[in-house]
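The values are calculated or read from the model by the stated rules, or taken from the named source; none is laboratory data. Since the model is a prediction, treat every value here as computed from it, not as a measurement. Because the Cβ atoms are built from the backbone with ideal geometry, glycine has one as well, and the counts that use them run over all protein chains shown.
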Amino acid sequence: MAYFIRAVNTLSIWRRRRKVTVPAFSPKIIENFVEVFSEQSEILVKRLEPRVGTGQFSIWPYLSSYTLDSVSETAMGVKLHAQENPNSLFLQAINKLLHLVSERFFCLWLQPNWLYKFMPQYATHEKNKNIMHEFVDQVITKKREEIKTKHESKSESENKKDFDFDSYKRNSFLDLLITLSGGEKGFTNVELREEVLTLTVAGTDTSAVSIGYTLVLLGKYPEIQEKVHQELCDVFGDSDRPLVKEDISKLKYLERVVKESLRLYPPVPFIARKVLKDIKLSSGYVLPAGSGIIVSIWGIHRDPKYWGPDAEKFDPDRFLPERFNFEHSCSFMPFSNGPRNCVGYQYALMSMKIALSTILRRYRIVGKEGTLRNPFIKVKLQIMMKAVDDYQVALERRVPKTSDCNARGS
C-alpha cells in the first residue's frame, strides 16, 4: 500500500492528519453506519444463497466484495455495487495492486524503485494504481463541489454549526475529512486521496480476513456456533428484520467470539517500528536508536505468559469481563496499540459483527470440525495474513423454528 499512500508515515504529516481522522471515527459518527453495514450484509446473504448445500467453497470473494461495498459507501459516500458486479474495475485494481505490493515486499530485487521500473510488474502496477487514483480523484472533486454548494446555500447562523458532530453523523469519512481539516484550506486533493485509499484498502482486507477466520473457526467448533445462534435467537427471535444499532450492544457472546478469532488469527501478524532513542529492556539488552524492530502480534497473542497454558485453545469466554484482566494492555492488540494504533478498530468490529450475525441467522457453517484441542488453519502472508485455502466453508440453511429461537427479540 505504501506505493500510493507514500507520505503517510512521515511523523509530522501523520500527526497533522491523525488530529483530523480521530474525531472522524467518533462512536457517535460510526454508529450511523450501521444501516450501511446491515444493508450490505443482507445483499451478502442473498449472494450466498445459491451456495447452500453445494459443499465446500471459498467464501473469500463474497466477503471481500461485501467489505469493499461497505467501506466505499462509508469512506467515500459512493455505492460501488461490487457485490452485484464482481468484475468491477476498482475491485480488480485493488486485488491486483495488493498482490503486486505483497510480491514486491517479499522480493528484495523488486524493492529499489529504479530497478522496479524495468520489471514487467511495473506496467501492471501503474495501470491499476492509476485506475484507483482516477476514480478517487473524481469522487473528491465531486464531493468538494457538493460541499461548496451546500455551504453557499446555508445561512450565516447555520454555518456556525459546522463543527457540530450531529451535523456530520450521516456523512461519509470523505465529507468529514474535507470539513474537519479546514475545507478549501485543509487537506489537498492528494492528501484526501491518500487518506481515503488507506481507509478503503485497509478496511476492505482487514474486515474480510477477520470475518473469514471467524467463520472457519465456527465451522470447526459447532458447539460455539450454536451458542452464537442462540444469542441471535434471543435478540431477533424468529424475525427476519434487519439489524439496527440497538442490537449491537446485545451481541456480547458474538463479540467475544470475534475477539478470540482476532487473538488467534490477527489480520496483521506483526508490525514494524523504528527506534528513535536508546531503549533499555528489562532483560538488560538495549535497542539502539535508529534500529528497526519487528513486533510479533501473533506471538504475543499466543504467549502463555499472558494467556495461560491453554493459549492456543479457541475459547471465547476468556474475554468475559471477570477473566479478561491483563496487566499489560499490549497482550491483546489485533489492530496495534499506542499512538499509532488503528483508529478504525471499533468501525471494523461493527462491520464484522453485523456481517457475521446476518450470515449466522440464515445459515449454519459447516467445516472440518477441530479434531485437535487447538485449531489449526494454514496461513500465508500477503500484506494481511490470510488462509491458504481462501476460507473454505460449506453452508446449510437454518429453518426458523419457534422452539429453537426465543421470540423475545422479535
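General remarks:
- Cross-chain or 6+ apart pairs with Cβ under 9 Å, segment 121-137 first and touching a residue at least 40 places away in the same chain (Cβ under 8 Å) and closer than 11 Å to residue 92 by Cα, then assigned to a helix (DSSP H, G or I) and of a type in the set (Phe, Trp, Tyr): 131/90; 132/90
- Screening residue 223 on (1) of a type in the set (Asp, Glu); (2) touching a helix residue (DSSP H, G or I) at 6+ places or on another chain (Cβ under 8 Å); (3) assigned to a helix (DSSP H, G or I) shows it passes everything except condition (2).
- Here is the figure for segment 202-220: residues that are touching an Asp or Glu at 6+ places or on another chain (Cβ under 8 Å) and either surrounded by fewer than 22 Cβ atoms within 10 Å (Cβ to Cβ) or not in a helix (DSSP H, G or I) (or both) total 1.
- Looking across segment 346-386, the residues that are without any contact (Cβ under 8 Å) to a residue 40 or more places away in the chain and under 27 Å from residue 106 (Cα atoms) come down to 376, 378, 380.
- Restricting attention to segment 118-138, the residues being within 18 Å of residue 99 (Cα to Cα), of a type outside the set (Phe, Trp, Tyr) and surrounded by 12 or more Cβ atoms within 10 Å (Cβ to Cβ) number 12.
- Condition met for residue 366 (surrounded by 17 or more Cβ atoms within 10 Å (Cβ to Cβ) and not basic (Lys, Arg)): yes
- Test: residue in segment 278-288 that is over 18 Å from residue 347 (Cα atoms), touching a residue at least 12 places away in the same chain (Cβ under 8 Å) and surrounded by fewer than 17 Cβ atoms within 10 Å (Cβ to Cβ): yes
- Pick from segment 257-273, criterion crowded, with 16+ Cβ neighbours inside 10 Å and of a type in the set (Lys, Arg), ranking: farthest from residue 384 (Cα to Cα): 259
- From the list 84, 103, 35, the lone residue that is out of contact with any strand residue (DSSP E or B) (no Cβ under 8 Å at 6 or more places or on another chain), closer than 19 Å to residue 353 by Cα and surrounded by fewer than 19 Cβ atoms within 10 Å (Cβ to Cβ) is 35.
- Close Cβ contacts (under 8 Å, 6 or more residues apart or on different chains) running from residues in segment 222-249 that are on the phi > 0 side of the Ramachandran plot to residues that are surrounded by fewer than 16 Cβ atoms within 10 Å (Cβ to Cβ) and assigned to a helix (DSSP H, G or I) comprise 237/407; 237/408.
- Among (1) without any contact (Cβ under 8 Å) to a residue 40 or more places away in the chain; (2) touching a Ser or Thr at 6+ places or on another chain (Cβ under 7 Å); (3) charged (D, E, K, R), the one test that residue 42 misses: (1)
- Screening segment 155-178 for residues that are assigned to a helix (DSSP H, G or I), at pLDDT 90 or above and not aliphatic (A, V, I, L, M) and picking the one that is surrounded by the fewest Cβ atoms within 10 Å (Cβ to Cβ) gives 175.
- Pick from segment 62-74, criterion in contact (Cβ under 8 Å) with a residue 60 or more places away in the chain and not small (Gly, Ala, Ser), ranking: nearest to residue 387 (Cα to Cα): 63
- Residue within segment 244-256 that is buried (at least 21 other Cβ atoms within 10 Å of the Cβ), modelled with pLDDT of 95 or more and not charged (D, E, K, R) present: yes
- Of the residues making up segment 224-280, those that are more than 30 Å from residue 330 (Cβ to Cβ), of a type in the set (Lys, Arg) and under 24 Å from the mean Cα position of the chain (by Cα) number 1.
- Selection from segment 378-404 of residues that are farther than 16 Å from residue 359 by Cβ and either modelled with pLDDT under 70 or part of a helix (DSSP H, G or I) (or both): 401, 402, 403, 404
- All helices (runs of 4 or more DSSP H) inside segment 5-63 with 2 or more residues being closer than 30 Å to residue 101 by Cα and either modelled with pLDDT of 95 or more or not hydrophobic (A, V, I, L, M, F, W, C) (or both): 11-24, 34-48
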